[in-house]
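This report concerns only the one structure given below.
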Amino acid sequence: MSRELSARMVVIVGLAATAVMAGVIWYVQLVHYPLMSGWPHDDFGRWEAMHRERTGLIVVPVMLVEGATAALLLVRRPAGLPGWLPWVAAALLLGIWASTFLVQVPCHQRLAAGWDEAVHARLVATNWLRTGLWTARLLLAGVMAAAVAIERGNRG
């Protein structure tokens, strides 16, 4: 496999991973997190633990793929891809990860101790940042995929 083909594949795999995560975050923001308030509050910690465990099975591998493809594009940019695009995409991902590990994970840890309306409200409100960042990353990943496809088409 040529270096150029492999770099283009990284763009496509990155687009797919970001699309999955953007879909997950919109579902979580509009459906899952709001429904938490209806879970049994007397045993909320158990529900929260199940939520984290099952969600982690889906999002951790995809987030790792997303991170790996973002890093690879910084060091092996395919032809036709402006140099600034991977850097902006990586910055958006760093923002997502910072929000995840500095805000949302601590909220989930506090909720694992039991229901707390204020913590839940903070979780829902602050998750809009991740939702926006992942949406922006998805749009940028689409632009990167289009740029690579156009370059390939121009080369015949």
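The values are calculated or read from the model by the stated rules, or taken from the named source; none is laboratory data. This one's a predicted model, so the numbers in the text were calculated from it and none came from an experiment. Cβ sites come from the backbone with ideal geometry, for glycine too, and all protein chains shown count toward neighbours.
General observations
- Residues of region 67-87 that are in contact with a helix residue (DSSP H, G or I) (Cβ under 6 Å, 6 or more places away or on another chain) and free of Cβ contacts under 8 Å to residues at least 60 places away in the same chain: Thr69, Ala70, Leu74, Pro86.
- Screening Val88, Val103 for residues that are surrounded by 13 or more Cβ atoms within 10 Å (Cβ to Cβ), closer than 30 Å to Ile150 by Cβ and β-branched (Val, Ile, Thr) leaves exactly one candidate, Val88.
- Elements of type helices (runs of 4 or more DSSP H) contained in region 1-110, each with 1 or more residues being under 14 Å from Asn127 (Cα atoms) and among the hydroxyl-bearing types (Ser, Thr, Tyr): 3-27, 84-99
- Single match in Leu64, Leu72 (criterion: surrounded by fewer than 17 Cβ atoms within 10 Å (Cβ to Cβ), within 20 Å of the chain's Cα centre (by Cα), of a type outside the set (Ser, Thr, Tyr) and closer than 25 Å to Leu140 by Cα): Leu64
- Residue tally, condition of a type outside the set (D, E, K, R) and in contact with a Gly (Cβ under 9 Å, 6 or more places away or on another chain), over region 43-85: 8
- Test result for Gly80, of a type outside the set (Val, Ile, Thr), surrounded by fewer than 15 Cβ atoms within 10 Å (Cβ to Cβ), at positive phi and out of contact with any Pro (no Cβ under 6 Å at 6 or more places or on another chain): no
- On inspection, Arg122 qualifies as in a helix (DSSP H, G or I), touching a helix residue (DSSP H, G or I) at 6+ places or on another chain (Cβ under 9 Å), under 23 Å from Val28 (Cα atoms) and basic (Lys, Arg).
- Val20 meets all of the listed conditions (1) modelled with pLDDT under 95; (2) surrounded by 13 or more Cβ atoms within 10 Å (Cβ to Cβ); (3) of a type outside the set (D, E, K, R) but one, namely (1).
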